[in-house]
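Step one of this worksheet: look at the structure below.
FYI, it's all coordinate maths here, none of it is from the lab. All values derive from a computational prediction rather than experimental measurement. As a convention, Cβ positions derive from the backbone with ideal geometry for all residues, glycine included, and neighbour counts pool all protein chains shown.
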Ligand code: AP5
Ligand code: ZN
């Protein structure tokens, strides 16, 4: 199966993708994570992407599509994927359609997380993750059960993202509305769109998402 998560920065795509990954045995594929790994590794793509990401703008379609295609070809992705943060432009959506057609797959559902922009700044500025396993946390909304220790792996080293500051968040929201929001219509037309209200509690949203996924896969 192929699931797409749509939604602005901070909507909870990563949080929900990780929960679906566990529940359904699918692979979370985040282009943001793949790009951050490329930046950290200092690859050519990473060098070209770094400043763009720090400005909160979208990395060029050719770089992102190449990174996504490489990862999709890995054998573990055969059990099914949750695309988190891809596609983000119409060009990327069309490229994905072609990639899937070539491999005889289809999009089971494109799930749009519906949130208020104003709340996204708070969500993003309080966010941090476990340095060892990547589990996501939030200063007010999701703290580890034992303070300073990751629930998932016991790690004690946490980090915050370079682009999680108020100024960059504003650019990221702008990029979302200008370039990514049109994909809601794109998938509506394809008959794949599902909308989920995503201002509530993380677990309630996860239940709504699970119900959709159960039906779609
Ligand atoms: P990317 O890494 O994809 O970031 P993003 O889209 O900005 O999304 P976020 O990771 O910020 O938010 P999220 O929706 O995953 O929220 P989360 O679950 O963490 O992209 C980064 C950059 O890479 C882009 O700006 C661009 O430059 C580049 N890029 C990536 N993909 C690209 C592409 N396809 N094309 C071009 N460029 C690309 O939740 C946020 C916080 O809120 C967490 O702390 C969480 O604990 C908390 N939270 C989650 N749900 C709730 C809830 N219901 N209630 C309260 N708190 C909650
Ligand atoms: Zn951890």
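One table, with the values for the structure above:
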{"read-out": "Identity of the residue in region 135-159, under 28 Å from residue 49 (Cα atoms) and surrounded by 14 or more Cβ atoms within 10 Å (Cβ to Cβ), that ends up nearest to ligand 2 (Cβ to nearest atom)", "value": "135"}
{"read-out": "Count - residues of region 1-35 that are closer than 25 Å to residue 122 by Cβ and touching a strand residue (DSSP E or B) at 6+ places or on another chain (Cβ under 9 Å)", "value": "19"}
{"read-out": "All positions within region 1-39 that are more than 13 Å from ligand 1 (Cβ to nearest atom) and part of a helix (DSSP H, G or I)", "value": "22, 23, 24"}
{"read-out": "Complete set of residues in region 101-124 that are more than 9 Å from ligand 1 (Cβ to nearest atom) and either part of a strand (DSSP E or B) or surrounded by 14 or more Cβ atoms within 10 Å (Cβ to Cβ) (or both)", "value": "105, 107, 108, 109, 110, 111, 112, 114, 117, 121"}
{"read-out": "Long-range neighbours under 6 Å by Cβ, at least six apart or interchain, first residue free of Cβ contacts under 8 Å to residues at least 24 places away in the same chain within region 36-54, second outside any helix (DSSP H, G or I)", "value": "49/59; 52/59"}
{"read-out": "One residue from 179, 188 being surrounded by 13 or more Cβ atoms within 10 Å (Cβ to Cβ), free of Cβ contacts under 8 Å to residues at least 12 places away in the same chain and over 21 Å from residue 137 (Cα atoms)", "value": "188"}
